[in-house]
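Colleague: Dumping the structure here so I can ask a few things about it.
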Amino acid sequence: MNAETMASSAVPPLNVDITRQSEAWDLSAEEGVLRAVQTAFLETGKGLKGAHELSVLLADNEFIHTLNRKYRGKDKPTNVLSFPQADLLVTDEAGLMGEVALGDIVLAIETVTEEAVNQQKTFEDHLTHLVVHGVLHLLGYDHEDDADAEEMEALEVEILKGMKITNPYATAQKETSSAR
């Protein structure tokens, strides 16, 4: 699936390429991924110049396990990986040159499904959260320290609230509070 969006003159155009590595993913997942990417970019892409692109690979656990081992040194599958490519601050007088590749997001169907069930969330809501999380990584957000994690989580919660999705961290925060 390939789509372009330009929702506002304040947000640059975005080209999204979605590919299925695993046939376990269906078309409704692709539509949900596209909607999540566009919404996250709309909320966080203001101020960027020029056209941007990113790709999303809908994969399986075996594929993402290989990537996770190779690039993060973790010998297990994970739900989502992001591979940022662009230095968003590189500009010339006219703005960014050409279409800027923000990077790639990879999701694993089995892990996303299992987590949604275990966390008692709908698959669609959990997938949307993970895609928003991935887009924020491509745009330079991270959670390496507590302050960055709080900023990124707050932005995720705000974006998801606009999509009518409950705070995905609320349950984890309640469990942490009750464990103290």
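Colleague: Please work out which residue is farthest from GLU53 (Cα to Cα), limiting yourself to the stretch 117-138 and to residues that are surrounded by fewer than 18 Cβ atoms within 10 Å (Cβ to Cβ) and of a type in the set (A, V, I, L, M, F, W, C).
Modeller: Here the residue is VAL117.
Colleague: Please work out if ALA24 is modelled with pLDDT of 90 or more, in a loop (DSSP other than H, G, I, E, B) and within 20 Å of GLU114 (Cα to Cα).
Modeller: In short, yes.
Colleague: With the condition kept exactly as written, say whether any residue in the stretch 146-167 is modelled with pLDDT under 95 and under 16 Å from LEU48 (Cβ atoms).
Modeller: no
Colleague: Given ALA59, ALA51, which one is modelled with pLDDT under 95 and surrounded by 15 or more Cβ atoms within 10 Å (Cβ to Cβ)? Reasoning before the result, please.
Modeller: On the way: ALA59 fails: modelled with pLDDT under 95.
Going through ALA59, ALA51 in turn, just one is modelled with pLDDT under 95 and surrounded by 15 or more Cβ atoms within 10 Å (Cβ to Cβ): ALA51.
The values are calculated or read from the model by the stated rules, or taken from the named source; none is laboratory data. Predicted model only: the values in this text are computed from it and were never measured. Every residue, glycine as well, gets a Cβ built from its backbone with ideal geometry; the counts of neighbours run over all protein chains shown.
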